[in-house]
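Here is the structure we will look at, set down as structure tokens.
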Amino acid sequence: MNEPFILHYWGPLLFKMKIKTEDVKAVRKICDGATEKYNTELAGIIDDEVTIDKTKYIEIIHPYLVAYKQAYKIWYGETIKKIIVNSAWVNYMKKGECNPPHVHGDCSLSSVLLLQVPETLKKEQKDWTGCGMGPGVLNFSTGNPHEFHTNTFNFRPEAGDLFIFPWNLTHSVSTYKSNARRISVAANFSLGEK
């Protein structure tokens with residue numbers, strides 16, 4: 001039977017796209033010069049969480065925010081006029097650290113951009129034999145599990161993967177055993193009128 005069917009969009013928009021290698025390098029350059037600790041503002045069990053220049057950051061990722069606006073229009077049927085960056089920081093995650101399930105306040109949208117995923121972590125993920133996707137995984141969840149209801153998405157992100165999502169979408173990163181550094185940038189945004 002080849003009858004047409006319709007799928008209805010439901011729940012929060014979880015946007016993912018790959019950014020260009022040169023933009024990953026440009027963001028990494030901003031991070032390499034940053035020194036101001038941001039740990040007291042964050043949920044992460046991570047020693048090195050550092051603020052970065054949010055103005056420089058949004059200049060680099062602006063084209064990807066334009067794409068996000070298009071996805072937002074398709075998903076919600078509404079137009080975003082302006083996206084304003086509230087804060088941006090880099091997470092230098094290492095062996096044994098994690099980012100427990102949390103949401104971000106005082107914003108409309110949150111984001112994660114992967115800058116470095118070490119090969120040793122990728123091997124650890126590949127060798128994982130337990131349930132779930134294993135170590136160093138980026139997890140998004142909404143509500144409690146229900147029958148016939150997808151409430152989690154898990155990713156083994158690569159460098160250049162950018163995720164944008166509503167502030168109240170619970171997310172986390174599991175710990176890992178590899179002696180290597182996983183680097184990601186997080187940013188919070190507000191939606192403006194102009």
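The values are calculated or read from the model by the stated rules, or taken from the named source; none is laboratory data. Please read these numbers as outputs of a predicted model, since none were measured by experiment. In this analysis, Cβ positions are derived from the backbone assuming ideal geometry, glycine residues included, and neighbour counts consider all displayed protein chains. Accessible surface areas use protein heavy atoms only, side chains included; no ligands, DNA or RNA. Shrake-Rupley method; radii C 1.70, N 1.55, O 1.52, S 1.80 Å.
Does Thr175 meet the test of being touching a helix residue (DSSP H, G or I) at 6+ places or on another chain (Cβ under 6 Å), open to solvent by 20 Å² or more (accessible area, probe 1.4 Å) and not in a strand (DSSP E or B)?
Judged against the criteria, Thr175 is not a match.
Could you count how many residues in segment 52-97 are open to solvent by 30 Å² or more (accessible area, probe 1.4 Å), over 21 Å from Leu13 (Cα atoms) and part of a strand (DSSP E or B)?
0
Determine if segment 179-186 includes at least one residue that is modelled with pLDDT of 95 or more, of a type in the set (Ser, Thr, Tyr) and within 16 Å of Pro12 (Cβ to Cβ).
Looking for residues that are modelled with pLDDT of 95 or more, of a type in the set (Ser, Thr, Tyr) and within 16 Å of Pro12 (Cβ to Cβ), one finds none in segment 179-186, hence no.
Quick check on my filter: what residues within segment 99-138 are of a type outside the set (A, V, I, L, M, F, W, C) and part of a strand (DSSP E or B)?
Across segment 99-138, the qualifying residues are Asn99, Pro100, Pro101, His102, Ser110, Ser111, Gln116.
Conditions (1) farther than 30 Å from Tyr9 by Cβ; (2) at pLDDT 95 or above, marked per residue:
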{"position": "Leu121", "(1), (2)": "yes, no"}
{"position": "Trp128", "(1), (2)": "yes, no"}
{"position": "Met133", "(1), (2)": "no, no"}
{"position": "Phe163", "(1), (2)": "no, yes"}
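Could you check Arg156 against (1) modelled with pLDDT under 90; (2) within 18 Å of the chain's Cα centre (by Cα); (3) charged (D, E, K, R) and say which number it fails?
Among (1) modelled with pLDDT under 90; (2) within 18 Å of the chain's Cα centre (by Cα); (3) charged (D, E, K, R), the lone unmet condition for Arg156 is (1).
Go through segment 28-56 residue by residue and tally those that are in contact (Cβ under 8 Å) with a residue 12 or more places away in the chain and either among the hydrophobic types (A, V, I, L, M, F, W, C) or under 19 Å from Gly96 (Cα atoms) (or both).
So the answer is 13.
Is segment 27-48 home to any residue that is assigned to a helix (DSSP H, G or I), more than 17 Å from Ala186 (Cβ to Cβ) and open to solvent by 30 Å² or more (accessible area, probe 1.4 Å)?
Yes: one or more hits.
Which number in (1) touching a strand residue (DSSP E or B) at 6+ places or on another chain (Cβ under 6 Å); (2) within 22 Å of Met17 (Cα to Cα); (3) touching a residue at least 24 places away in the same chain (Cβ under 8 Å); (4) surrounded by fewer than 18 Cβ atoms within 10 Å (Cβ to Cβ) marks the one condition that Thr152 misses?
Failing condition for Thr152: (3).
Is one or more of the residues making up segment 2-20 among the acidic types (Asp, Glu) and at pLDDT 95 or above? First the steps, then the outcome.
At the first step, the residues of segment 2-20 found to be among the acidic types (Asp, Glu) are 3.
Filter once more, so that each one left must be at pLDDT 95 or above: none.
There is no residue in segment 2-20 that is among the acidic types (Asp, Glu) and at pLDDT 95 or above.
Counting only residues that are in a helix (DSSP H, G or I) and either free of Cβ contacts under 8 Å to residues at least 24 places away in the same chain or within 17 Å of Phe163 (Cβ to Cβ) (or both), which one in segment 1-26 is most open to solvent (accessible area, probe 1.4 Å)? Steps first, answer last, please.
Looking only at segment 1-26, we keep the residues that are in a helix (DSSP H, G or I), and these are 21-26.
After this cut, where a residue has to be either free of Cβ contacts under 8 Å to residues at least 24 places away in the same chain or within 17 Å of Phe163 (Cβ to Cβ) (or both) as well, the list is 22-25.
Working: Glu22: 113, Asp23: 31, Val24: 20, Lys25: 139 Å².
By that ranking, first place goes to Lys25.
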